[in-house]
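Enquirer: My structure is below; once you've seen it, I'll send some questions.
Laboratory data are not the source of any read-out in this text; all were calculated from the coordinates shown. All values reported here derive from a predicted model rather than from experimental measurement. In this analysis, Cβ positions are derived from the backbone assuming ideal geometry, glycine residues included, and neighbour counts consider all displayed protein chains.
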Amino acid sequence: MSEVVFGVGLIGAGPVGQAIHLPTLARMADRFRVVHVMDVDPDVARRVAARVDARHSTDADALIDDPAVDVVVIGSPNRFHAEQVIAACRAGKRAVLCEKPLAVSAQEGEAIARASAEHGVPVVVGTMHAFDAAWTAALDGWGASGDAPHTVRISAVIPPNPDSEDSATEIVGRPASRPSGAPDLEARVAAITGGVLGLAIHDLPLARQLLPAAPPRVVAARTLDPWGYEIVATVGDAVLEVHGVGSATWDPEWTLDAVAADRSLHVDFSLSYVHAGSSTATLRDARRATTWGPYPDNGYVGEWEHVHDVLVGAADPVPLDELLADLALATSIAEQCAALIRADAEADAARAAAPGRVTRPGDRSGVAA
């Protein structure tokens, strides 16, 4: 095992960096040290960097150019991921850990893959559930025998992020909350695409490992109040159900289920910002039930363990074509959901404008006047 302590630079010092990466890296001080913190808010950059005695800046290029930074963590808004990952690859960094999603389009993902291959810089996507020890054991168990699932369901019913973030640390410079009020069309489109690329993205790569190798076809999509989404898609001959709700709840639930003719798998994940160990996964058939977890370490530790193994040559990174397939599934679902939401709004407007028809509350078809 290498005795090198690798320098880490955080691009974006928001709640994910503060409540997830800093506490996780503090547990791995024999392998990693945060040496540079960048945030567009200079006060946030300064105060977060002071927690770990690191330098700070407001310029991503300054962090990427810092020779003390071996591993660049991309925790900026999604729209900046591709350009910053590519810049880190061109700078010849030892590795890049990019928060999900890797990019916001298939084209951006392909550009990242080219840069990673050209410059020999491994890229790891921070899909922490994919590195959860109970999930990986259950996936091996599922793949050992039996039929493919006919249904995969991923669901997250969770409280507002601040409720969980505050359990890990005191957040500096928390982003403003969403405005209240009934959302307009574009707000609903943004909510469902943001839900797919911000919340469902945690588990879509896991679902893809269970589903047929086929493009998704979204057959139903709707937004939920105050924030959430329900999506149904087909992937080959299987059904994928995607559900997420963010609201006050006394009993959070974050689950993945796979159902086949001969068995079923149920996985319970802990909340993102709660450092409470791994998930619990149970595989059942007609004869027995096998349970894995909970193990002491969560998926955040797992992803950083993987980064370290890649750095010291003890493991290969996840192949780029796998990362691109994960991204393609998520972006295709997000784009199809947006199109369905807009099509439903246009259909509603056309019905409302149809001459000689009156629409009663709760009646989308209308009746003749």
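Enquirer: Taking θ as phi - 60°, what are the ³J(HN,Hα) couplings along the range 66-76 by the Karplus curve (6.51, -1.76, 1.60), each to the nearest whole Hz, with x for Gly and Pro?
Expert: With the stated coefficients, the range 66-76 comes to 5, x, 6, 8, 8, 10, 9, 9, 9, x, 7 Hz.
Enquirer: I want to verify a result. In a Gaussian network model of the chain, Cα cutoff 10 Å, which of these has the top mean-square fluctuation: Gln84, Gln336, Gln107?
Expert: Most flexible of the set in this elastic network: Gln107.
Enquirer: A further question on this structure: Can you list which of the DSSP-assigned H helices in the chain have a Cα extent of 30 Å or more along the long axis and an average Kyte-Doolittle score of at least 0.5? Could you put the intermediate results ahead of the total?
Expert: On the way: long enough: 320-353 (49 Å, 0.56).
Result, helices passing both filters: 320-353.
Enquirer: Starting from the Kirkwood radius over alpha-carbon pairs of the range 99-141, derive D by Stokes-Einstein at 25 °C in a medium of 0.890 mPa s and give it in µm² s⁻¹.
Expert: It diffuses with D of about 203 µm²/s by this estimate.
Enquirer: Additional query: For the range 187-234 and the range 258-322, write down the distance between their C-alpha centroids in whole Å.
Expert: Each part's Cα centre sits 21 Å from the other's.
Enquirer: Sorted by average packing, counted as other Cβ atoms within 10 angstrom per residue and highest first, what order do 112-124, 88-100 take?
Expert: Taking the mean over residues of other Cβ atoms within 10 Å, the ranking is 88-100, 112-124.
Enquirer: Starting from the Cα-Cα distance between Asp147 and Glu335, subtract it from 0.36 nm times their residue separation and give me the gain in nm to one decimal.
Expert: Going from the current span to full extension adds 64.6 nm.
Enquirer: Over the chain, what is the relative contact order in percent, taking alpha-carbon pairs closer than 8 angstrom and at least six residues apart?
Expert: 18
Enquirer: Send over the per residue convex hull volume for the range 215-365, Cα only, as a whole number of Å³.
Expert: Hull volume normalised by residue count: 196 Å³.
Enquirer: Same structure, new question: Testing the spin-label approximation: label points 7 Å from Cα along Cα→Cβ at Ala62 and Ala315. State their distance in nm.
Expert: Using points 7 Å along Cα→Cβ, the separation is 3.4 nm.
Enquirer: What residues have an amide H closer than 5 Å to that of Gly126, excluding those fewer than 5 places away on the same chain, when H is modeled at 1.01 Å from N in the peptide plane?
Expert: The answer is Cys98, Glu99, Lys100.
Enquirer: On the first, second and third principal axes, largest extent first, how far apart are the outermost C-alpha atoms of the chain in Å?
Expert: Reported extents, whole Å, longest axis first: 77, 55, 43.
Enquirer: In Å, what Rg and Dmax follow from the Cα atoms of the range 6-129?
Expert: For the range 6-129, the Cα radius of gyration and maximum Cα-Cα distance read 13.3, 38 Å.
Enquirer: So for Val301, Val8, Val312, fewest C-beta neighbours within 10 Å to most, what's the order? It would help to have the intermediate numbers written out before the result.
Expert: Values: Val301 22, Val8 28, Val312 14.
Lowest to highest Cβ neighbour count: Val312, Val301, Val8.
Enquirer: Could you work out [θ]222 nm for the chain from helices alone, using -39500 (n - 2.57) per DSSP H run of at least four and dividing by all its residues? Round to the nearest 500 deg cm²/dmol. Before the final figure, lay out each step's value.
Expert: Details: 11 runs with 131 residues, N = 369.
Theoretical 222 nm ellipticity from helices: -11000 deg cm²/dmol.
Enquirer: Using the 10 angstrom Cβ neighbour count as an exposure proxy, how do Met128, Met28 rank, fewest first?
Expert: Met28, Met128
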